[in-house]
Amino acid sequence: MMYNSTVDKHSSVSSAQAIAQGISKDGGLFVPQELPQYGEEVFEKLAAMNYKERAKKVFSDFLTDFSEEEIDECVSKAYTSAKFGSENPAPLVNVKLNNISMNILELWHGPTCAFKDMALQILPHLLTKSVAKTEKGRLAVILVATSGDTGKAALEGFKDVDGTKIIVFYPENGVSPMQKRQMNTQDGTNVNVCAIKGNFDDAQTGVKAIFTNSEIIDELDRNNMSFSSANSINWGRLLPQIVYYVSAYCDLINSGKIVYGDKINIVVPTGNFGNILAAYYAGLMGIKINKLICASNSNNVLTDFIQTGTYDKNRQFFATISPSMDILVSSNLERLLYHLSGCDDVRVKDWMTKLKTTGKYTVDSDVFDKIKTSFFSGYCDDNTTKKTIGDLFKSSGYLCDTHTAVAVDVYRQYINSTGDSETPAVLASTASPYKFSKSVLEAIADENISAENEFDMVQELNRISGVPIPESLAGLKNKTVRFTNVTEANDMPEYVLKVLGI
Ligand SMILES: *Cc1c(COP(=O)(O)O)cnc(C)c1O
């Protein structure tokens with residue numbers, strides 16, 4: 001299978017090239033030229049498989065330039081029960097909020113307690129194999145700018161993976177104490193972490209500037225190294241996410257909640273549009289979807305887009321209690337537009353150019369009609385997010401994090417607006433409640449909270465909820481801080497060269 005660029009469908013690359021490169025040279029994103037089609041017979045087979053086998057099937061249909069052994073090795077290394085707590089890294093849990101039944105797809109059982117592990121545990125293996133196919137013998141240098149979750153998940157995924165080195169930049173005062181500690185105590189011989197004086201945008205701009213700095217690229221080249229990207233525009237991060245939607249559909253069949261061919265709703269708390277796009281792809285491949293329900297926080301640019309057909313990022317930015325969704329430019333939307341427009345690279349390029357120059361574009365009616373057919377959208381502010389965590393905990397004893405709560409509330413809005421509580425719903429749960437202990441604690445505690453630091457809050461949340469604390473978070477308190485570097489954003493290039501020893 002070959003991959004095209006969203007802004008030039010005449011250029012095509014293999015999957016190894018798409019993954020090694022991350023982004024197309026013309027600035028577009030790589031999209032698969034066609035999608036494998038799974039009918040009833042395939043689903044019968046998939047339903048009888050475990051998660052790893054399902055993953056191998058999906059991977060082998062997309063990564064046609066990988067051998068069966070290579071895919072087997074990647075999947076086996078990534079989804080171990082040592083890393084995900086059980087043989088099934090993405091369990092489906094049935095929960096009732098009063099009379100509303102939901103199937104919560106828990107995607108946070110990995111090493112960093114956020115759903116990004118589902119992709120970042122396997123990406124390093126896919127990437128090193130892709131580099132070996134396209135630029136044999138090179139060291140892949142991964143640069144990451146993070147507002148918290150991605151950095152840690154990428155560090156855990158790449159640590160001690162041969163042929164890679166990873167450097168993570170985060171804003172000195174822009175991540176939670178837990179996230180900072182998660183990164184600063186990171187182990188591994190090929191990892192480096194550095195705070196920058198500035199905000200997330202400064203870190204991201206700095207990383208992008210290094211990626212396109214020809215002097216630095218040449219210097220790496222002379223030393224047999226090249227840059228690669230671990231953020232969600234890389235196809236190697238989207239593909240692993242398709243697997244868990246296919247798997248959830250199989251699990252619903254196995255539990256007798258649906259029979260093959262029944263439609264489901266899928267609710268996704270959305271930021272960069274990667275997770276929900278993976279569900280859309282799973283729909284194109286054969287799982288039957290009634291509506292994709294796109295849930296946003298107060299940064300509701302996608303809610304408006306899906307309701308009006310106009311994307312407009314010129315609006316106030318809110319720092320919310322679901323920070324991983326605080327985003328005004330959802331990069332992966334570009335891929336959806338490519339498919340909905342009938343692979344019209346010219347129109348996609350035009351919209352993306354308008355977005356860059358004016359912050360705004362409006363899609364044509366053919367595309368907007370398709371969006372309305374496939375999607376429902378809604379948003380939820382911080383107060384309602386907390387109230388939802390409390391409602392769910394009171395009605396079922398189930399504790400969810402702030403991002404998942406946004407999805408739960410928007411699902412409630414969907415039912416109120418459409419009356420459809422019959423179609424079985426899968427809700428993507430994207431983080432452990434312990435990753436956002438303060439807000440979750442405030443949502444369920446009746447008394448005033450006496451806990452002073454993040455670790456006391458974790459204990460307090462455990463005492464009130466009885467929900468076990470993930471080991472990786474509990475253990476952080478006693479880990480040694482390894483990284484205390486802080487640099488000016490302007491000095492990031494020198495920092496990178498120093499770490500690489502060139
Ligand atoms: C990254 C993230 C999201 C948003 O996912 P996208 O794929 O960017 O839409 C939601 N919740 C959590 C906890 C995240 O870390």
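I'm trying to understand the selection: among the residues of segment 248-261, which are under 15 Å from L284 (Cα atoms) and not in a loop (DSSP other than H, G, I, E, B)? Of everything in segment 248-261, just one residue is under 15 Å from L284 (Cα atoms) and not in a loop (DSSP other than H, G, I, E, B), namely Y249.
Pairs linking a residue in segment 171-190 that is at positive phi to a residue that is assigned to a loop (DSSP other than H, G, I, E, B), with Cβ atoms under 9 Å and 6 or more positions apart or on different chains, are G188/K159; G188/D160; G188/V161. Hey, among the residues in segment 97-153 that are polar (S, T, N, Q) and under 23 Å from P171 (Cα atoms), which one's most open to solvent (accessible area, probe 1.4 Å)? Step by step, filter segment 97-153, then rank; the result is S147. When N416 is tested against (1) modelled with pLDDT under 90; (2) open to solvent by 70 Å² or more (accessible area, probe 1.4 Å); (3) of a type outside the set (S, T, Y), exactly one condition is not met: (1).
Within segment 395-402, can one find any residue that is among the aromatic types (F, W, Y) and either out of contact with any Leu (no Cβ under 9 Å at 6 or more places or on another chain) or under 30 Å from L461 (Cα atoms) (or both)? Looking for residues that are among the aromatic types (F, W, Y) and either out of contact with any Leu (no Cβ under 9 Å at 6 or more places or on another chain) or under 30 Å from L461 (Cα atoms) (or both), one finds at least one in segment 395-402, hence yes. Taking the criterion of being touching a Ser or Thr at 6+ places or on another chain (Cβ under 6 Å) and within 16 Å of the ligand (Cβ to nearest atom), the only residue of segment 238-269 that qualifies is P269.
Residues are listed down the side, and each one gets a yes or a no for (1) of a type in the set (S, T, Y); (2) open to solvent by 20 Å² or more (accessible area, probe 1.4 Å); (3) in contact with an Asp or Glu (Cβ under 6 Å, 6 or more places away or on another chain):
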{"position": "D218", "(1), (2), (3)": "no, yes, no"}
{"position": "R222", "(1), (2), (3)": "no, yes, no"}
{"position": "A230", "(1), (2), (3)": "no, no, no"}
{"position": "S247", "(1), (2), (3)": "yes, no, no"}
{"position": "I253", "(1), (2), (3)": "no, yes, no"}
{"position": "G261", "(1), (2), (3)": "no, yes, no"}
{"position": "I264", "(1), (2), (3)": "no, no, no"}
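Which of the residues spanning segment 323-359 are within 20 Å of G28 (Cβ to Cβ) and among the charged types (D, E, K, R)? Within segment 323-359, E334, R335, D344, D345, R347, K349, D350, K354, K356 qualify. Once segment 164-174 is narrowed to residues that are open to solvent by 40 Å² or more (accessible area, probe 1.4 Å) and farther than 13 Å from G188 by Cα, the residue that is modelled with the highest pLDDT is E172. Scanning segment 19-53 for residues that are of a type in the set (D, E, K, R) and closer than 30 Å to K9 by Cβ yields K25, D26, E34. If the condition is being surrounded by fewer than 22 Cβ atoms within 10 Å (Cβ to Cβ) and among the small types (G, A, S), then segment 301-330 contributes G309, A319.
The values are calculated or read from the model by the stated rules, or taken from the named source; none is laboratory data. These numbers were taken from a predicted model, which means no experiment stands behind them. Reconstructed Cβ throughout: ideal geometry from the backbone, glycine too, with neighbour counts over all protein chains shown. All accessible areas refer to the heavy atoms of the entire protein, side chains included, with ligands and DNA or RNA removed. Shrake-Rupley method; radii C 1.70, N 1.55, O 1.52, S 1.80 Å.
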